[in-house]
Amino acid sequence: MNTERGEVIDTSYTTVHTLGVPRGKEGSRLRYMHKSGRFPVVFQKAPGDWSPYLIDIFTTLVEIRWRVMLLIFSLSYIVSWLSFGLCYWLIAHVHGDIDNVDDALCVHNVRGFTSAFMFSMETQTTIGYGFRGVTENCIVAIIVVTIQNVFSCLLDTIVIGIVAAKMASARKRAQTVGFSTCAVVNLRDGVLCLSWRLGDFRGNHILEGVARAQLVRSLKQPKGAIVMSYQDLDIQYHDIVLATPTTIIHKLEPGSPLYSLGPDNLLEDNFELIVSFTYTGDSTGMLHQTRTSYTPADIRWGQRFQDILKLGQKHYKVDYALFNETMWVPVPLLSAEQYDRRRCPLEDQPLSPSVKIKGRSFQVNLEFTEEVLYQTCL
């Protein structure tokens, strides 16, 4: 692959680093979190233990899929119509309305279960064709109609509330705020930095949010158990106003979990970078979160993101077609720790030859190219 400076590659379709094990084969690395932000975690509980889902039934109905929710709501209406229809049929049967032809009836024109079901549906949906109706001759029928009307209002409120909450779910808004498909390592002000890009794809932009990053490693215990370790990464400017796409930066400095990690042993390490952006939507005022993860195979060493923000006469122009595109830049193939040691030698070590660049003198590290020295020192 040609690595000349300035060449643009699209990292959405180009794989620079690959894992050593092909996908689908035994021993492939399991992600802690998918790129979509979902966790591949399955909870094993005792069979039939549905108490956590029934206690918070509202959240359960909001989180289930649309087809399941619509099926449950449809069945709830049908079951209620059948239940109250059965009550009206029992009332008519006990009162003798089925065989009685006089006017002293509890419910007019209820001669069987089918007509009782029709009267129940007409009552609950407030259709009221006027063909069937409760009379004042039976107080039990009046009480049942009252109970059904109250239950109908309660059921409609629950259904409308859950549908509205599901349509305004934070997950839908989170799909319009995205991270780049890869992370890059390059030099910024002479410091090796790990960075990734964040952008809002909607017109009503987010006013403020907080970005976080955490390094997750899985440690295998002797008996086969897995212990997860978590390390927070310091981020420059974690409070973000996301009016335009921004690049989130983590400096590979002493104290960073990635300080001693170089490009040679990057793929050999077993970690996953979990990044998130928590914000409040300006349209709904709801709290949202967008998250994704980067494995060592998703980190591009020696690349930077292509510029996508330009200044127009009246507007800032953002080209989201370049959101995931990167370009090669000269970066030393060393870990940040090795790079700092060679850039700042100890006092008792002999100094390297010096050169002048734009009127300033610098010590030359013979292992770095002149192009890298320019980017480091300027």
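The values are calculated or read from the model by the stated rules, or taken from the named source; none is laboratory data. All values derive from a computational prediction rather than experimental measurement. Note that each Cβ is placed from the backbone with ideal geometry, even for glycine, and that neighbours are counted across all protein chains shown.
Listing for the model above:
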read-out	value
Output for region 256-311, where each listed residue is β-branched (Val, Ile, Thr) and outside any strand (DSSP E or B)	284, 295, 308
All positions within region 111-165 that are touching a strand residue (DSSP E or B) at 6+ places or on another chain (Cβ under 9 Å), modelled with pLDDT under 85 and either farther than 18 Å from residue 89 by Cα or not β-branched (Val, Ile, Thr) (or both)	131, 132, 133, 138
Residue tally, condition among the aliphatic types (A, V, I, L, M) and more than 14 Å from residue 217 (Cβ to Cβ), over region 244-265	3
Pairs, first within 18 Å of residue 85 (Cβ to Cβ) in region 129-141, second β-branched (Val, Ile, Thr) and assigned to a loop (DSSP other than H, G, I, E, B), C-beta under 8 Å, six or more apart	132/110; 141/135
